[in-house]
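Data block below; observations after.
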Amino acid sequence: MLQERNIWELAEAYINNELSGDDKAALERRRSTDHSFAAEFQDCIDMLQALKGNAAQKKVRSILKDAHNELETPKAAPKQISNRRHMWRTAAVAASIALITSLTTYWVVQVNNKKIESKYSLLRRDLEKYKRSQNKIIRDIKEQTGSPYSDARYTATGFAITNNGFLATNYHVVEGADSVYIQTQDGEYHKVNVIGGDKTTDLVVLKVEDDNFKFSKYDVPYALARNKKMLGTTVFTLGFPQDEIVYNEGYISAVNGYQGDSTQYRLEIPAGPGQSGAPVVDASGNVIGLITGKQSQSEGITYAVCSEALLSLADSLKGEHKISLPRVNRMGRLSRVRQIERLEQFTCAIKVYKK
Amino acid sequence: MQGTLHTEQDLLKRLAAGDSRAIKSIYTSHYRMISGWIVKHGGGEQDAADICQESVVVLYEKSKSKDFQLTSKISTYLFSVAKNLWYKELQNRRTEILTNEPIEMESSYEDDLKVHREREIHYQQLDDAMEELGSPCNELLKAYYYKQKSMHELVDKFGYTNTDTAKTQKYKCLARLKKLFFERALK
C-alpha cells in the first residue's frame, strides 16, 4: 500500500497529518531501514515546507501592504475613465484610421497631439484635421452617454528604469499634460510626475508619486545598452496600442533615424498609435531604445530613440532624483517568452489627461 | 496588566495563524512609532514602511516557531527588531549615522534576525527556482501552493482530463522544482 504511493503524495499527507496510524507506522519503519528512501523523503518534506512557508509569508506581506495602504489617505483614481475606456478606444481607432491615410509621419501616440516638433511641422495641418474628426466622435459619445466625457487625451507606453517607480517615455507624450497616470500590469492606476526631459531627443523621465510603489518584487531585469547596436540587429517591443499589451518584432533597418538623426534608429517593426515610448529590446534582453514615431506610407518603418540618449538624460538628473540605472542584464539566457514575461512587469500604459 | 498580557498572547496566536485582522492591527498600532524613529534616523517614508513591515514579518515567523515565547511586549520586540534592521540597512548603504544615540544591538534579537536573513535567502532561492521552472509548472504550483486552488480548479484552469492527471503533473513539477531549488541552495 505504502510502496505504491508517490513519494510526494506521501510527503504531503505526512506534513498535513493526513496519514492513518498504520500508514504512519509503515512509513516510519521504512524511513529507519531504507536510508536512501529516508533521505529522499526528507528532501521532499523540506521542499514542501519551504513552499508552504514561503506561501504563508507572501500572504502576510501582502496583508501588511494592504494595512499600509489603508493607513494612507486613499488617493483618487481615475475610475470613471476606465469605465469608458471601451468607447474611448473605439473613438481612437476610428479616428486613427482616418489619420493613417493622410499622414507621412506622425508620433505614435494614440490621438490628437496638438504640438508637433518643428521638423514634423508640415504635418500639423493634417493632425488638426484628424483632431477635429476625433473630437467629433468624442462629442458623439458625450451626447450618447449624457455625461461629460473625461478629459483624457492620449495613451502611450512607458517602461521602468528603476524598480521603485522611475520610468521613461517620449517627451511628446506628456508635453502640455495636466496630469499623467500609468496603468501597471495589475491594472492599477498610479499618478506620475515629470522629473526631467529633453525635447530634442524626445525623452522624458517620470516618477510614480507613491513612494512605496514598486513595479515588481524583482529588480529591473534588463540593462540599457551603452553603445549603438549594429545594422540588422533583431529587436522586439512591447507596447499598448490597445488596452492589452502587444508584442512585435523586427530589426534595425538603419542605424540613424528620421532625416539621419543619430540619436535615433530606424526600425522595420510594426507600430501603432499608443506605442510611443515602448521599449525596444535586442535578443539578449538589452533595451536599445524606445519607439517614438513612424512613417505610415510604407508599413513598418518606425523610429526609436536610442538608449544612450536616455542614459545621458538619466545621468543629468541630480539631487533626490539621482537614479542608479540598471546595469546588469539578467535576461540574456532566457527564452524569448520568458524575456517577454519579465519585461511585461516593467512595461506600463501611460494615460495623459488634459483640460 | 494581566489583561494586556492576555490580549498580546491572543494576538500572537492569531498572528501565527496568519489572521489578517491581527496582522493589520499589529502593523497599524506600531507604524507611527517605528516610522517616526526611522525618519529621525535618516530614512525616508518608503524605508519606514519597508522596515516596519519587515519587523512584523520577523515577529510572524518567530510566532510560528515551535518553542515560541515572547518574553517582552510586542512593541518592545518590534521596535528593537526595526532598529536593528535599520542599522543593518544603513551599514549596507554605507551611510554614516548622524546621531549621538548609541547603537544598541540586542543580542537575543540579533539571533532572530540571523535566522530571518537565512530564511529570506532560502525563500529568494525558491522564488528564483520557481521562475526558472517556466510554464506550466510555475503557474500550476503557484495556483496550488500560493493561491490555494483546489485540484478541481486546477483541472479546469489547466485543462487536465481529471484530478489524477493534475496530481501526476503536480508531482512532476515538484520533482523539477526540488532539483532547481537544491542546486541553488548548494551554491
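What follows is calculated from the coordinates using simple rules that are stated; it is not laboratory data. Since this is a predicted model, take the numbers as computed values, not measurements. Neighbour counts are summed over all protein chains in view; Cβ atoms, including those assigned to glycine, are modelled from backbone coordinates with ideal geometry.
Reachable aspartates and glutamates from A:Lys318, Cα under 16 Å, same-chain residues fewer than 8 places away excluded?
A:Lys318 reaches A:Asp198.
So which trypsin sites (Lys or Arg not before Pro) in the stretch A:274-346 are both in a DSSP loop and have at most 13 other Cβ atoms within 10 Å of their Cβ?
Values: sites: A:Lys294, A:Lys318, A:Lys322, A:Arg327, A:Arg330, A:Arg333, A:Arg336, A:Arg338, A:Arg342; in loops: A:Lys318, A:Lys322, A:Arg327, A:Arg330, A:Arg333.
Answer in residue order: A:Lys318, A:Lys322, A:Arg327, A:Arg333.
In square nanometres, what is one fourth of the surface area of the convex hull spanned by the alpha carbons of the stretch B:114-186? Before the final figure, lay out each step's value.
Working: hull surface 19.9 nm².
Average of the hull's projected areas for the stretch B:114-186 equals 5.0 nm².
Please arrange A:Ile7, A:Ile288, B:Ile23, B:Ile121 by how many other C-beta atoms lie within 10 Å of their C-beta, fewest to most. Numbers along the way, then the final one.
On the way: A:Ile7 15, A:Ile288 22, B:Ile23 27, B:Ile121 12.
Lowest count first: B:Ile121, A:Ile7, A:Ile288, B:Ile23.
Hey, got the average number of other protein chain Cβ atoms within 10 angstrom for residues in A:40-46?
On the way: counts 1, 0, 0, 4, 4, 0, 5.
Other-chain Cβ atoms within 10 Å of each residue's Cβ, averaged: 2.
In sequence order, what are the phi-derived ³J(HN,Hα) couplings for the stretch B:52-65 according to the Karplus relation 6.51 cos²θ - 1.76 cosθ + 1.60 with θ = phi - 60°, rounded to whole Hz, with x for glycine and proline?
Once rounded to whole Hz, the list reads 5, 5, 4, 4, 5, 5, 4, 5, 4, 5, 5, 5, 7, 5.
Residue separation times 0.36 nm, minus the C-alpha to C-alpha distance between B:Asn92 and B:Arg32: what's the value? All intermediate terms of the calculation are to be shown ahead of the outcome.
Values: separation 60, 0.36 × 60 = 21.60 nm, distance 2.44 nm.
Fully extending the segment from B:Asn92 to B:Arg32 adds 19.2 nm.
Given labels modelled 7 Å from the Cα in the Cβ direction, how far is it in nm from A:Arg330 to B:Ile121?
1.7 nm
For each of B:Cys173, B:Cys52, count neighbouring Cβ atoms within 10 Å of the residue's Cβ, then give the residues from fewest to most.
Values: B:Cys173 20, B:Cys52 28.
Listed from fewest to most nearby Cβ atoms, that is B:Cys173, B:Cys52.
Which distance in nm do the two modelled labels at A:Lys52 and A:Ser284 give, with both placed 7 Å along the Cα-to-Cβ direction?
Modelled inter-label distance: 4.4 nm.
Full extension from A:Ser36 to A:Glu244: what is 0.36 nm times the residue separation minus their Cα-Cα distance, to one decimal in nm? Could the numbers behind the result be given before it?
Values: separation 208, 0.36 × 208 = 74.88 nm, distance 5.06 nm.
So the chain would gain 69.8 nm between A:Ser36 and A:Glu244.
Calculate, in nm to one decimal, what A:Lys24 and A:Arg226 gain on full extension: separation in residues at 0.36 nm each, minus their alpha carbon distance. Working shown, then result.
Values: separation 202, 0.36 × 202 = 72.72 nm, distance 6.09 nm.
Gain on stretching A:Lys24 to A:Arg226: 66.6 nm.
What does a probe at A:Gln295 reach in the stretch A:239-257, counting residues whose amide N is under 13 Å from the point 7 Å along Cα→Cβ?
A:253-257
Taking the radius of gyration and the Kirkwood hydrodynamic radius from Cα positions alone, what is the Rg/Rh ratio for the stretch A:191-265, to two decimal places? Mind dumping the intermediate values first?
Details: Rg = 15.6 Å, Rh = 15.5 Å.
Looking at the stretch A:191-265, the ratio lands at 1.01.
Can you give the average number of partner chain beta-carbon atoms within 10 Å of each beta-carbon in peptide B:44-50, as a whole number?
4
Taking the Cβ of A:His321 as the center, what net charge do the other residues with Cβ under 14 Å away carry, scoring Lys and Arg +1 and Asp and Glu -1? Show your work: numbers first, answer last.
On the way: positive: A:Lys207, A:Lys318, A:Lys322; negative: A:Glu209, A:Asp211, A:Asp315, A:Glu320.
Within the 14 Å Cβ shell, the charges total -1.
Taking the Cα centre of each part, how many Å lie between the stretch A:168-183 and the stretch A:34-57?
One Cα centre to the other: 49 Å.
Taking every pair of alpha-carbon atoms in the stretch A:7-71, give the share separated by more than 19 Å as a whole percent. The partial results should precede the final answer.
Details: 961 of 2080 pairs.
Across the stretch A:7-71, Cα pairs with separations above 19 Å total 46 percent.
Can I get the semi-axes of the stretch A:166-219's equivalent ellipsoid? Compute them from the C-alpha gyration tensor as square roots of 5 times the eigenvalues, in angstrom, largest first.
Values: eigenvalues 88, 30, 18 Å².
Taking √(5λ) for each Cα gyration eigenvalue gives 21, 12, 10 Å.
Along each of its three principal axes, how wide is the spread of alpha-carbon positions in chain B, in whole angstrom units, largest first?
65, 43, 30
Under 13 Å from the Cβ of A:Thr302, count the other residues' Cβ atoms, weight Lys and Arg +1, Asp and Glu -1, and hand me the total. Intermediate results must be reported in sequence, preceding the final value.
Working: positive: A:Arg266, A:Lys294; negative: A:Glu249, A:Glu268, A:Glu299.
Net local charge, A:Thr302 excluded: -1.
Would you mind checking the stretch A:186-213 for residues with the amide N under 18 Å from a putative spin-label position 7 Å along Cα→C-beta of B:Glu131?
A:186
Between B:Val39, B:Val155, B:Val115, where does the largest GNM mean-square fluctuation fall for chain B, given springs only between Cα atoms within less than 10 Å?
B:Val155
Using Cβ counts within 10 Å as a stand-in for footprinting exposure, how do B:Lys66, B:Lys88 rank, fewest first? Intermediate values should be presented prior to the final figure.
On the way: B:Lys66 4, B:Lys88 15.
Listing B:Lys66, B:Lys88 from fewest to most nearby Cβ atoms yields B:Lys66, B:Lys88.
Tell me the volume per residue, in Å³, of the convex hull enclosing the alpha carbons of the stretch A:147-294.
On the way: hull volume 18.6 nm³, N = 148.
It comes to 126 Å³ per residue, whole-number rounded.
Loop-only GluC sites (Glu not before Pro) in the stretch B:1-73, please: DSSP not H, G, I, E or B, and at most 12 other Cβ atoms within 10 Å. Don't jump to the answer; show the numbers that get you there.
Numbers: sites: B:Glu8, B:Glu45, B:Glu54, B:Glu61; in loops: none.
Here no GluC sites (Glu not before Pro) fit, given the DSSP loop and packing criteria.
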